Amino acid sequence: MDALWISLQVATWALAWASLPGIGLGWLLARRRFVGRELVEGLVQLPLVVPAVAVGYGLLWLLGGQGLGLAPEVLFTRTAASLASGVMALPLIARMAQLAFEAVDPRLERMARSVGLGRGQVLWRVTLPLAARGLVGALVLGFARALGEFGATIVVAGLVPGETRTLALGIFEEIQLGHQDGALRLALLSAACGLTAAVVASRLTRGLGHGGAR
Amino acid sequence: MSWAVDVRLEQGGLALDWRLATQARWVGVLGASGLGKTSLLEALLGWRGAHVGLAGPVGYLPQDALLMPHWTVAEHFARLAAPPLALDRAEVFEPLGLTELMARPARRLSGGEARRVALARAILVAGNAGTLILDEPLEALDRLRRVRTLGLLLALKARTDVRVVVVSHRADELALLCDVVQHLTATGDQRSMGAPATPELALAREGIHENRLLGEVVDVAGDAATLRVGAAAIIVPSQDLVVGARGVFGLRGDDVLLGLADPGRVSARNKLTGTVRTLRPSGTYVELGVDLGAFDLSTHLTHSAVADLELKPGAPVHLFFKTRSVRLLALLPPGVPDGSV
């Protein structure tokens, strides 16, 4: 149960890092045309297409003393695990948020402007409420992604019992030690968490794409 | 100059250059559906194509209403920036039948209801001195709602300085509302906008020669109502009418019969006497203007009928027409002066 508790904490913090940038990037990509848009889109999706271990190595290089050394003290802590999970969840959140924003008819936003609402009011009273279901779905899927993160986490957070031993890392350790029962138990636990998140996300995102329609 | 804008549209293979420069405040655009009228209006709004930059507040009634699906009807009116308007909100909401819809979320309105809400929103946003852009404002309205909505728009025209572009595929609606009517036509992908025409000319092109009568209902008995038009009394169908109601009525020139003597007992309820004022040949017909004292009526006769009856200016004539020939076009709300419609 320790591993589940650590996993939930790590995933919550990962979501805390990744949700605002993810939703912001999603909005930017859905609503703004700018130079280098494709590059930004590519960079956002990068963690999805390179091996997670490579992302972990990148983080290690940014944080650790061998590289830029931005924050060597966080390596092999729960913070490092949540950073790694957050980076891996970000592309998913950004992509889902982009789809949620794209499902809102931009003519509705124009109409809202033309009846006298300011840009901020349009975002707050029109765009966000209409995209809300999709955005919550994006966060739930991001959370599930963070919950199962392994490759990047093990590089920057290692396998510190009671500190960074999440469900995914725990399964790996149990297999290494030849503890079939323990591995199975943790695997079933992660499957239950993932399934719950998937069901919640699917309920929330159902009907997405009609967000702007009457 | 009420209008001085240049709308250029090049989109999806569709091209149009519309220079709108006119003293007229209410401009009608007549055109069949599928010509890209919505694109044209959204180009005028600056939503697509080169920015036109209309000054002042602009109220827009789009074909698809564009209500905020998660707001109630009331929220649509509570949250808009509304400049001064000579009409009370109740005067706008009542003819459109919005009062009972106020608490309803917009996503649960029917298509027609949503468009009525969107029309009221556009009117309130434009205020007394703004711009109104209306895409088929009378589409999907039942008969009574249509005549009341036309009355509301005529009241708006009489009591405010709002300038309007209204698009419709019905010449009779545009002729009733607008100062000029322009015809949108297509040749392949090229769209062209005809020169501004008077409402009468726009109607004549559609083969409609209609007299307009402004009258007040003085009596309703069974299926007939008595209308006072100037000093004359005219019998009309009583449908939708109550005593005291004022409306604009249409009477087609083709429905008016003319004789040199009183026809005696005939089924037509309306018999009026007057004198020929004008005789104007138009194609195979002669357009005859008759002075009835209280008002003028025009009717169309063949050349042979004119010759046979030896009609000349000043000749005394009898006109008669059926009750059902007089159609209610617009039911006016109170406060519209007689001279304004």
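Derivation of every value follows stated rules applied to the coordinates shown; laboratory data play no part. Bear in mind the structure is a predicted one, so any value in this text is a computation, not a measurement. When we count neighbours, we look across all protein chains shown, and the Cβ atoms used for this are built from the backbone with ideal geometry, even at glycine.
Peptide B:110-122 has a mean shielding of 1, counted as Cβ atoms of other protein chains within 10 Å of each residue's Cβ. Ordering B:Met1, A:Met96 from the fewest to the most neighbouring beta carbons within 10 Å gives B:Met1, A:Met96. Under the simplified labelling scheme, the B:Thr38-B:Asp296 pair shows an inter-label distance of 4.3 nm, with each label point 7 Å from Cα along Cα→Cβ.
Computed from phi, the 3J(HN,Hα) profile of segment B:93-107 under the Karplus parametrisation 6.51, -1.76, 1.60 (θ = phi - 60°) reads 6, 5, x, 8, x, 8, 3, 7, 9, 3, 7, 6, x, 4, 6 Hz, with x in place of Gly and Pro.
How would B:Thr273, A:Thr79 line up from fewest to most surrounding beta-carbon atoms within 10 angstrom?
On the way: B:Thr273 13, A:Thr79 19.
The order, fewest Cβ neighbours first, is B:Thr273, A:Thr79.
Straight-line cross-link partners of B:Lys271 among the aspartates and glutamates, defined as a Cα under 12 Å from its Cα and at least 8 positions apart when in the same chain: B:Asp262. Post the alpha-carbon centroid distance, segment B:1-76 to segment B:124-154, in whole angstrom. Centre-to-centre (Cα) distance: 15 Å. Our coupling estimate for segment A:169-177, obtained by passing each phi through the Karplus curve with A = 6.51, B = -1.76, C = 1.60 and θ = phi - 60°, is 5, x, 4, 4, 5, 4, 5, 4, 7 Hz, Gly and Pro reported as x. Under 5 Å between amide hydrogens, built in the peptide plane, is the criterion, and for B:Ala24 it picks out B:Ser2 among residues at least 5 positions away or on other chains. Close amide H pairs (under 5 Å, H built 1.01 Å from N) link B:Arg277 with B:Gly289, B:Val290, B:Asp291, B:Gly314, residues at least 5 positions away or on another chain. As a calculated quantity, the FRET efficiency between A:Leu177 and A:Gln121 at R0 = 56 Å, using C-beta atoms, amounts to about 0.45.
Compared with the dominant Cα axis of chain A, that is its longest principal axis, helix A:2-31 is turned about 30°. Placing a pseudo-label 7 Å from each Cα along the Cα-to-Cβ vector at A:Leu46 and B:Arg8 gives an inter-label distance of 4.2 nm. Approximating the spin labels as points 7 Å out from Cα along Cα→Cβ, the B:Val218-to-B:Ala140 distance works out to 4.2 nm.
Does chain B classify as rounded, prolate or oblate by the C-alpha gyration tensor (a ≥ b ≥ c root eigenvalues; a/c under 1.5 gives rounded; else a/b over b/c gives prolate, otherwise oblate)? It is oblate, given that a/c is not under 1.5 and a/b is not larger than b/c. The HN-Hα couplings worked out from phi for segment A:126-134 by the Karplus form 6.51 cos²θ - 1.76 cosθ + 1.60 (θ = phi - 60°) are 10, 5, 4, x, 6, 8, 3, 4, x Hz, whole numbers, x standing for Gly and Pro.
Taking the Cα atoms only, what angle lies between the long axis of helix B:143-159 and the longest principal axis of chain B, rounded to 10 degrees? It works out to around 80 degrees.
Using r as the Cβ-Cβ distance of B:Val242 and A:Leu20, and R0 as 56 Å, what FRET efficiency do you calculate, to the nearest 0.05? Efficiency computed from Cβ-Cβ geometry: 0.35.
Database remark: amide H of B:Val52 closer than 5 angstrom to the amide H of B:Gly46 (H placed geometrically; neighbours at sequence offset of 5 or more, or on other chains; Pro and chain starts carry no H). Separation of segment B:290-311 from segment B:206-242 is 21 Å, based on Cα centroids.
What the Cβ-Cβ distance of A:Arg107 and B:Glu310 gives, at R0 = 56 Å and to the nearest 0.05, is a FRET efficiency of 0.30. With 0.36 nm allotted per residue and the present C-alpha distance subtracted, the B:Glu100-B:Ala195 stretch has 29.9 nm of extension available. Straight Cα distances below 29 angstrom link B:Lys37 to the lysines B:Lys157, with same-chain residues fewer than 8 positions distant left out.
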